Structures are given as structure tokens and as C-alpha cells.
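Written out below as C-alpha cells is the structure these notes cover.
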Amino acid sequence: MKALYFENRLSKVLALKVAQHFRLSSMLGPLSALRYADVPEPRIPNPRWLKVRNLACGLCGTDLHFMFMDMDPRCFPAAMPGIRKKFLGHELVGEVVEVGVDAGDFAVGDRVAMRIDWPSCAQLEIEPPCAACAAGNYMLCQNLGTKELPLEDVGGGFSPYMVMHRAQPYKVPAGMDLDCALLLEPMACAAHAVLKSKPEPGERVLVIGSGTLGLLIMAALRTLAPEAEVACMARYPFQARAAQGLGAEAIEEAPGIYRRMADVTGARYAKGYLGNEILLGGFNRIYDTVGNDESIKHSLRWVKGGGSVVLAGINFKPGRIDYSPVWCQEVSLTGINCHGTEADGRTSFDVAAELLQAGCVRPGDFITHRFPLRKYKQAVKTFLSKRTSEAIKIAIDVADESPAR
Ligand SMILES: [Zn+2]
Ligand SMILES: [Zn+2]
């Protein structure tokens with residue numbers, strides 16, 4: 001079967017560093033760490049695994065980071081052990097086609113999403129699991145790389161078939177349609193971000209970035225914190241319109257933005273030398289879904305003293321920021337790495353399923369583009385040209401790539 005994966009080899013990292021000076025086409029070409037190639041159709045390695053025929057999978061910004069190896073070797077995740085070959089595609093929906101005799105509560109025909117992607121104590125069958133996994137926070141697993149998976153070619157959301165350990169899948173609730181189920185994983189990230197720092201009634205909240213994650217956070221806020229006042233920063237007019245549709249006030253990034261933020265929040269604006277602008281007062285909470293130097297700088301300066309910033313945007317580059325607002329204004333800075341288990345014991349996926357079933361978004365408004373897997377380059381180009389493509393979520397249809405049987 002054909003699958004999309006990347007190889008984590010130093011020669012590839014270096015070759016791509018060179019390629020990045022050229023055009024996008026060369027970054028998707030032979031120098032890239034990305035492979036679209038034949039791999040063996042995976043088989044269940046032991047009775048605790050199951051096999052899934054994928055139907056569709058969302059393309060996520062994180063996939064692009066891996067496709068382009070857009071990762072500085074000095075950032076923390078670059079040193080995490082244990083990943084030589086990574087199959088891409090985690091926002092998947094598939095159908096169980098085979099179950100091991102001890103594969104738990106799954107049966108042939110069940111529709112599933114993927115809850116646990118990166119190897120953790122569960123798939124590695126490490127007993128007892130580390131404290132993070134025991135608490136259901138598999139993304140924080142301390143045992144990465146201490147053991148190998150029982151097979152390397154497991155497949156991913158961007159391949160027609162994959163195998164999963166029984167701990168990995170999430171059963172799509174009965175009656176949830178395919179498009180809605182495609183939003184389960186990104187919605188789980190949004191729910192996790194909001195529950196990490198849940199607004200109190202009447203608080204002013206800012207979401208920086210209005211891509212899929214930003215918009216889903218706005219949708220989650222609407223249900224989980226209906227009495228919060230939500231504003232957002234959107235890069236493109238179509239994103240601002242989508243945000244307004246979710247009840248958020250869209251603020252344009254334009255000259256004078258610090259004064260504008262002071263007006264919106266009733267904060268005091270102050271300016272020092274060398275263009276050093278700050279607010280005294282500001283938003284109670286900020287969810288930064290961009291996660292670069294500039295957005296983090298703004299987040300720490302637009303949040304009220306004693307307020308909270310959640311870093312939800314993923315970036316693999318060590319940056320340069322002024323972190324003095326953290327101590328000077330006693331800002332709580334926290335982050336999320338996808339999803340896990342919430343304070344009330346529910347999984348982020350359970351919360352996401354509930355939000356989606358309550359109709360907090362119309363999946364048809366979110367899934368703006370669809371491509372078959374073989375046209376993945378076109379999908380990537382569409383993702384990278386949002387200004388003209390107006391893409392929110394791009395779905396890759398993998399079902400039609402499966403050989404007839
Ligand atoms: Zn994702
Ligand atoms: Zn663990």
C-alpha cells in the first residue's frame with residue numbers, strides 16, 4: 001500500500017535545510033524527509049492489536065512541520081528519543097476490519113478515530129506505566145524510546161490501512177457522521193486548551209490565530225464558558241468571518257494594535273523607549289494558537305496581571321522573547337500538547353465528542369477542501385496558500401486508494 005511517512009535521519013535534516021532556501025516544490029521533492037511510497041500492508045502483531053481501514057484524515061499544521069522537517073535540532077522535541085520513521089496522519093476516521101482476540105472493546109465494523117498516536121507506555125506495553133500515562137496523559141509519557149513497537153510499519157491516517165494497539169483508538173459515537181468524526185481529534189486539542197484554563201463568567205478572553213485550532217477553541221469556549229467575552233485575532237478576512245460566526249469579536253492585526261487592545265479591554269496603554277509598548281490590565285486569558293515569538297510576546301503583554309496564557313500553537317524553533325511579563329505581572333504561562341485526560345477524569349476525546357454532538361460547529365463549514373491521497377502535494381499547497389484558497393480544514397480521502405478486495 002502507498003503511505004505518507006517521514007524518515008528522521010540527520011542526512012535528511014541537513015539536506016532539507018539546504019532545500020528550504022529553494023522552492024516549495026523542492027521541499028516536497030526527493031531531498032525531503034517525506035516519503036510517499038509503498039510499504040507492506042500492516043498485520044496485527046499480537047492479540048492486543050486491531051487493524052483499521054482508513055476512510056479519511058484531516059491535514060494538520062503539525063503534519064506540515066514533519067513533512068518539511070521544520071524542526072530546529074536544538075528544540076526540546078528534537079531530542080526526544082525513539083522515532084526513526086513516523087507515519088503521518090493523526091486526524092483520521094477508519095473502520096475496524098480485524099481484531100485480535102484480546103483487542104478489548106472493539107469489533108469489526110466499528111468506526112474509530114485515533115486517540116493515542118505517539119508511542120507511549122500503552123502501545124509499548126510497559127508495566128507499570130509511567131506516572132503520566134497512568135494519569136491518562138500519554139503525550140507526556142516518560143518512557144519514549146525505551147522499547148520498540150512490535151512492528152515498524154504500522155501505517156497512519158495517510159495510508160489505506162493501519163494497525164493500532166487496543167489503547168489507541170477512540171470509538172466514534174453512534175450516529176456521528178464522517179465529517180463530524182474527522183473533527184474529533186482537533187476538537188480534543190481545543191477542549192484540552194480551554195479546560196487547561198477555563199474562563200470564569202464575565203471574563204474577557206482572546207484567541208490568537210483563527211485557523212482550525214483557534215476556531216475550534218472559540219467553538220469550545222462558547223459551550224464550556226458561555227459567559228466569557230471572546231475576541232480573536234485573524235490573519236485573513238475569511239477567518240474573521242468564521243470567528244464572528246462562532247460569536248467572537250475579530251480584531252485586525254494593524255498598526256496601533258496595542259492601543260486597540262487597551263480600548264477593547266479597558267486597560268492602560270503605556271510606551272517606553274525603543275517602541276516598547278505594554279498594557280496595564282488586559283485580557284483575563286489568552287489562548288495562543290500561533291506560538292511564535294511575536295504571538296507569545298503579544299500574549300504576555302496583552303494579558304492582565306495575574307492572568308493566564310495557554311500556549312497551544314506548535315512551533316519547533318527556539319525563539320527570542322522577553323519573558324519579563326511572566327514575573328513582573330505574575331502571568332501563568334502553560335501549554336498543551338494535543339490532548340489527554342481532563343481534571344474531571346474524562347478524556348479530552350470524550351469532551352470533544354460531547355461538544356460536537358451538541359452541534360457546537362457545523363462540520364460542513366470547517367471542512368473546506370478534499371483531496372485524494374495521491375494529490376497530497378496539492379493539499380499541502382492549498383494549506384500553504386490560505387489567503388487565496390480560504391482553507392480551514394483540508395480532508396484527505398484515503399478510502400479510494402484502497403485496493404478492491
Ligand atoms: Zn492535528
Ligand atoms: Zn508512559
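Rule-based calculations on the coordinates, nothing more; no lab input. Source: prediction; values computed, not measured. As a convention, Cβ positions derive from the backbone with ideal geometry for all residues, glycine included, and neighbour counts pool all protein chains shown.
With all projection directions averaged, the alpha carbon convex hull of the chain covers 19.9 nm².
Annotation: cysteines of the chain without a disulfide-compatible partner (Cβ-Cβ under 4.7 angstrom) are CYS57, CYS60, CYS75, CYS130, CYS141, CYS180, CYS189, CYS232, CYS328, CYS338, CYS360.
Of the peptides 267-277, 56-66, 132-142, the order by per-residue mean of other Cβ atoms within 10 Å, starting with the highest, comes out as 56-66, 132-142, 267-277. Could you tell me which residue out of LEU274, THR223, ALA254 lies farthest along the dipole of the stretch 186-335 toward its positive end? Charges go on the beta carbon: Lys and Arg +1, Asp and Glu -1, centred on the Cα centre. About the Cα centre, the residue reaching furthest to the positive side is LEU274. Using the average count of surrounding beta-carbon atoms within 10 Å as a protection proxy, the listed peptides 206-216, 82-92 rank, highest first, as 206-216, 82-92. A quarter of the convex hull surface defined by the alpha-carbon atoms of the stretch 265-385 gives 11.3 nm² as the mean projection. Within the chain, antiparallel bridges make up roughly 55 percent of the DSSP beta bridges whose residues both belong there. Along its three principal directions, the equivalent ellipsoid of the stretch 119-253 from the Cα gyration tensor extends over semi-axes of 35, 18, 14 Å, largest first. Comparing Cα centroids, the stretch 212-279 and the stretch 330-405 end up 22 angstrom apart. For the Cα trace of the stretch 186-335, dividing Rg by the Kirkwood Rh returns an Rg/Rh value of 0.93. Overall, the chain carries a charge dipole of about 1180 debye about its Cα centre when +1 sits on the Cβ of Lys and Arg and -1 on the Cβ of Asp and Glu, all other atoms neutral. When DSSP beta bridges are restricted to pairs lying wholly in the stretch 186-335, around 15% turn out antiparallel. For the stretch 186-335, the Cβ-based charge dipole about the Cα centre amounts to some 140 debye (Lys, Arg positive; Asp, Glu negative; other atoms uncharged). Remark: relative contact order (the stretch 186-335) = 20 percent; criterion is Cα-Cα distance under 8 angstrom and separation of 6 or more residues.
For the stretch 76-191, the Kirkwood hydrodynamic radius from C-alpha pairs, put into Stokes-Einstein at 10 °C and a viscosity of 1.306 mPa s, yields a diffusion coefficient of 105 µm² per second. Taking only alpha carbon atoms, the stretch 284-351 gives an Rg to Rh ratio of 1.03, where Rh is the Kirkwood radius.
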